[in-house]
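Notes to accompany the following structure.
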Amino acid sequence: MKAAPALYWDSSAVLALLLAEPRQPEAERCLRRPAVRHLVSSLGWAEVHAALARVGREQRGAEIAETLAALAHSPWGHTDAVPHWELIARLAQRWPLRGANLWHLALAKSLSQQLPGLMMLTFDVALAAAAAGEGLSATT
């Protein structure tokens, strides 16, 4: 039996969906794809919660409380996987990414060894270019 395709979401994609950002319709389409396994890493989860807490403190406390409640029942499967150390070093030489984005790219590339056909959803332009360059079929 063939495993369902997987879509790795970085925090930019999750936040676009949750905060009604301009790319929300694209994120919603990806979320509604039939028979797709949606994944978020512990780093992505931390980034999402940090951003939501910041927005809540700065302006939209009640709205963010509702968003956090909905997030608790989210469709994302959590992965505690970590990227391969040597892969991080190689990708750092190849792509000019911030540390967290390098980590997301390396994790997606590492997961793709176990989940053939894994795609990555990111709305960060540099990360999307690197993911496409690594054959992860970035969907931005």
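Please say if region 20-74 is rounded, prolate or oblate, where rounded means a/c under 1.5 for a ≥ b ≥ c the square roots of the C-alpha gyration tensor eigenvalues, and otherwise the choice is prolate for a/b larger than b/c and oblate otherwise? Walk me through the intermediate numbers first.
Working: a/c = 2.09, a/b = 1.60, b/c = 1.30.
Prolate, since a/c reaches 1.5 and a/b exceeds b/c.
Can you tell me the alpha carbon radius of gyration of the chain divided by the globular rule-of-thumb value 2.2 N^0.38 Å? Could you put the intermediate results ahead of the total?
Numbers: Rg = 14.9 Å, N = 140, 2.2 N^0.38 = 14.4 Å.
That ratio works out to 1.04.
Determine the share of region 38-133's accessible area contributed by carbon and sulfur atoms, expressed in whole percent, with a 1.4 angstrom probe.
For region 38-133, the apolar C and S fraction of the accessible surface comes to 58 percent.
Taking the full set of protein chains and a 1.4 angstrom probe, give the accessible area of residue 58 in square angstrom, rounded to the nearest 10.
120 Å²
In square angstrom, rounded to the nearest 10, how much accessible surface does residue 125 have for a 1.4 Å probe?
Rounded to the nearest 10, the figure is 120 Å².
Express in nm, to one decimal, how much length is gained between residue 93 and residue 72 on full extension, taking 0.36 nm for each residue of separation and deducting their alpha carbon distance. Mind dumping the intermediate values first?
Working: separation 21, 0.36 × 21 = 7.56 nm, distance 3.69 nm.
In short, 3.9 nm is gained.
With every protein chain kept in the model, how would you rank 88, 64 by accessible area, 1.4 Å probe, largest at the top? Walk me through the numbers before you get to the answer.
Values: 88 50, 64 5 Å².
So the residues, ranked largest to smallest area, are 88, 64.
Leaving ligands and nucleic acids out of the surface, order 74, 110, 42 by accessible area at 1.4 Å, largest first. Let's see the in-between values first.
Numbers: 74 30, 110 5, 42 60 Å².
Output order, biggest surface exposure first: 42, 74, 110.
Counting only heavy atoms of the protein chains, get the accessible area per residue of region 1-55 (1.4 Å probe) and round it to a whole Å² value. List each step's numbers first, then the result.
Details: 2740 Å² over 55 residues.
Heavy-atom accessible area per residue stands at 50 Å².
With an 8 Å Cα cut-off and a minimum separation of 6 or more residues, compute the relative contact order for region 1-137 in percent.
Numbers: 157 pairs, mean separation 42.0, N = 137.
Dividing the mean separation by the residue count of region 1-137 yields 31 percent.
Would you mind checking the tilt of helix 42-58 against the longest principal axis of the Cα atoms of the chain, expressed as 0 to 90 degrees and rounded to 10?
Between the helix axis and the principal axis of the chain, the angle is about 30 degrees.
Cα convex hull of region 40-109: how many Å³ per residue? Mind showing how you got there, number by number?
Values: hull volume 6.2 nm³, N = 70.
Value for region 40-109: 89 Å³ per residue.
The values are calculated or read from the model by the stated rules, or taken from the named source; none is laboratory data. If you're wondering where the values come from, they're calculated on a predicted model, not measured in any experiment. Heavy atoms of the whole protein, side chains included, go into the accessibility calculation; ligands, DNA and RNA do not. Shrake-Rupley method; radii C 1.70, N 1.55, O 1.52, S 1.80 Å.
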